[in-house]
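Student: Following this message is one structure expressed as structure tokens.
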Amino acid sequence: MAQDAFPGIEQVPFVERDSHAPLGFRHYRPDEIVEGKAMRDQLRFAACYWHTMRNGLADPFGAATARMPWDDGSDSLDNCRRRADAFFEFLHKCRIDFYCFHDRDIAPERSTLAESNAALDEVVRHLESLQQATGKRLLWGTACLFAHPRYVSGAATSPRIEVFAHAAAQVKKAIEVTHRLGGEGYVFWGGREGYTTLLNTDLRREREHLAHFLHMAVDYKKSIGFKGQFYIEPKPREPSVHQYDSDAAACLAFLREFGLLPHFKLNIETNHATLAGHTVEHELAVCRATGVLGSVDANSGTDNCGWDTDEFPTDPRLTTKMMLEILAAGGFTTGGLNFDAKRRRESFDPVDLFHAHVAGMDAFARGLKAAAAIRSDGRIAAFVRARYASWDSELGRRIEAGDATLEELEALALHRIDWPVESGRQEMLEQIMHDRI
Ligand code: XUL
Ligand code: CO
């Protein structure tokens with residue numbers, strides 16, 4: 001592996017918490033055991049190819065600012081390989097074990113699908129050798145079904161059957177290369193699977209088409225023996241006005257409606273949750289309650305901005321709340337924490353890639369330790385258990401088993417004149433949590 005994209009930057013060292021070293025892990029210790037597992041296995045950090053390697057930091061008002069001296073801006077395969085080398089150098093130096101990509105991040109789209117597939121195969125061969133040389137692993141792959149103009153009105157929900165077919169072929173190939181690279185999962189994010197106006201949209205047909213598309217992907221996955229986990233990534237809007245996978249609850253209803261629930265888990269992204277008017281811990285809790293918490297796209301947004309700003313998650317309060325949910329769900333199996341996050345446009349130096357990821361990793365290390373401390377303290381969990389203790393009765397058991405009737409509950413209620421409601425103690429619980437961050 002070439003080692004020259006980031007000259008002068010060594011592998012990020014471990015430093016003391018109050019160290020003034022500009023670059024260093026103050027909290028992340030990959031081998032430290034937290035709740036029975038090494039931190040690296042609890043957190044399973046991934047860097048994403050699209051922001052880290054392909055985002056020049058342009059915004060709607062101005063040009064790209066990111067300095068990427070390893071990239072000549074061309075779509076030659078040599079340039080693709082150089083980028084991959086730079087990426088793996090970055091993963092190594094930043095101590096990140098996993099990565100994620102879209103097909104079109106790693107290799108260019110050519111004028112025919114066959115040529116695009118051939119280019120993809122070339123780069124995948126190179127990634128394969130980089131993985132072997134470094135031990136880095138693919139957390140998940142995906143297909144970019146939103147950037148090309150053919151997807152202007154959707155991919156799996158396009159009004160044109162030819163576009164639907166192209167998207168299907170692209171997904172087929174992307175699942176294949178994910179499988180070949182030993183990917184632990186595959187993500188479906190429906191950026192264009194929604195609408196801009198209902199006046200031109202057959203919502204019933206589009207949702208059904210999407211379901212058939214996903215069923216075909218499930219069948220194909222089985223046919224090639226790909227064992228990785230399929231995920232849906234909810235997001236309410238942007239680029240569409242409304243996306244069908246708008247939040248975790250909508251995804252769950254969709255998956256159940258079309259018999260897809262056994263085949264999918266969810267990939268929850270912080271800034272998508274807030275766009276949907278939720279907190280990320282709400283989305284994670286919905287997943288936990290249903291057993292579909294799969295993976296996380298870790299980022300954060302600017303409050304009250306209303307846009308998916310994909311900022312790095314550097315606030316330990318946010319990460320503590322997330323890790324509380326993730327640990328309560330039993331931790332990650334196939335999933336992990338993928339930094340679907342980009343530096344601010346003003347943070348354009350190569351070293352800012354390191355500052356951004358290290359800040360995010362340290363924030364999650366703190367969040368993990370704080371969440372573990374809150375759980376071992378046990379007061380919050382004990383409070384919740386006690387709050388529902390009346391349900392641990394014979395009657396509670398019968399109601400929860402679906403065996404009770406309104407008549408017998410009425411018989412109980414008719415003779416009751418006092419109501420033993422208790423304080424929710426929110427502020428007390430918040431203090432217990434904040435004390436451990
Ligand atoms: C877009 C987004 C995507 C998905 C993968 O907001 O999050 O990058 O994570 O397609
Ligand atoms: Co994402």
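The values are calculated or read from the model by the stated rules, or taken from the named source; none is laboratory data. Not measured: the values here are computed from a predicted model. For neighbour counting, all protein chains shown are included, and Cβ atoms are generated from backbone atoms with ideal geometry for every residue, glycine included.
Student: Counting just the residues of the stretch 187-216 that are under 18 Å from Phe258 (Cβ atoms) and aromatic (Phe, Trp, Tyr), which one comes out nearest to ligand 1 (Cβ to nearest atom)?
Tutor: Only one residue fits best here, namely Trp189.
Student: Do you know which residues across the stretch 103-126 are surrounded by fewer than 19 Cβ atoms within 10 Å (Cβ to Cβ) and outside any helix (DSSP H, G or I)?
Tutor: Pro108, Glu109, Arg110, Ser111, Thr112
Student: Ok, one more. Write out, first by first residue and then by second, each pair whose Cβ atoms fall under 6 Å of each other, whose residues are 6+ apart or on separate chains, and whose first residue, in the stretch 319-343, is in contact (Cβ under 8 Å) with a residue 12 or more places away in the chain while the second is polar (S, T, N, Q) and part of a loop (DSSP other than H, G, I, E, B).
Tutor: As it stands, the answer is Asp340/Asn299; Ala341/Asn299; Lys342/Asn55, since those pairs meet every condition given.
Student: Something else about it: Taking the conditions exactly as written (within 30 Å of Asp4 (Cβ to Cβ), surrounded by 14 or more Cβ atoms within 10 Å (Cβ to Cβ) and of a type in the set (Lys, Arg)), does Arg375 satisfy them or not?
Tutor: Taking the combined requirement at face value, the residue does not satisfy it.
Student: Hand me the list of helices (runs of 4 or more DSSP H) wholly inside the stretch 1-99 holding 3 or more residues that are within 16 Å of ligand 1 (Cβ to nearest atom), at pLDDT 95 or above and surrounded by 12 or more Cβ atoms within 10 Å (Cβ to Cβ).
Tutor: By residue number, 49-54.
Student: May I ask you to verify whether Glu176 is of a type outside the set (Phe, Trp, Tyr), more than 30 Å from Arg95 (Cα to Cα) and outside any loop (DSSP other than H, G, I, E, B)?
Tutor: no
Student: Among residues belonging to the stretch 316-333 that are over 14 Å from Arg40 (Cα atoms) and hydroxyl-bearing (Ser, Thr, Tyr), point out the one that is farthest from ligand 1 (Cβ to nearest atom).
Tutor: Only one residue fits best here, namely Thr320.
Student: Right, something else. Does any residue in the stretch 47-64 that is assigned by TED's automatic domain parsing to the domain that holds Pro350 come within less than 6 Å, Cβ to Cβ, of a residue that is within 13 Å of ligand 1 (Cβ to nearest atom) and among the basic types (Lys, Arg) six or more places away or on a different chain, and which pairs are these?
Tutor: His51/Lys342; Asn55/Lys342
Student: Scan the stretch 216-262 residue by residue and report those that are within 16 Å of ligand 2 (Cβ to nearest atom), among the charged types (D, E, K, R) and in contact with a strand residue (DSSP E or B) (Cβ under 9 Å, 6 or more places away or on another chain).
Tutor: Correct list: Glu233, Lys235, Arg237, Asp245.
This table checks each residue for (1) farther than 29 Å from Arg54 by Cβ; (2) within 16 Å of ligand 1 (Cβ to nearest atom); (3) crowded, with 20+ Cβ neighbours inside 10 Å.
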position: Ser240; (1), (2), (3): no, yes, yes
position: Glu257; (1), (2), (3): yes, no, no
position: Pro262; (1), (2), (3): yes, no, no
position: Ala273; (1), (2), (3): no, yes, yes
position: Thr314; (1), (2), (3): no, no, no
position: Gly335; (1), (2), (3): no, yes, yes
position: Lys342; (1), (2), (3): no, yes, yes
position: Asp349; (1), (2), (3): no, no, no
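Student: Among all residue pairs at least 6 apart or on different chains, which show Cβ distances below 7 Å where the first residue, located in the stretch 139-160, is more than 27 Å from Thr334 (Cβ to Cβ) and the second is basic (Lys, Arg)?
Tutor: Final answer for the pair search is Tyr151/Arg192; Gly154/Arg192.
Student: Looking for whichever is farther than 16 Å from Leu43 by Cβ and within 16 Å of ligand 2 (Cβ to nearest atom) here; the options are Asp340, Asp352, Asp310, Asp377. Which one fits?
Tutor: Within the list Asp340, Asp352, Asp310, Asp377, the selection yields Asp310.
Student: Please go through the stretch 275-309 and give me each residue that is surrounded by fewer than 23 Cβ atoms within 10 Å (Cβ to Cβ) and of a type in the set (Asp, Glu), ordered by number.
Tutor: Glu281, Asp303, Asp308
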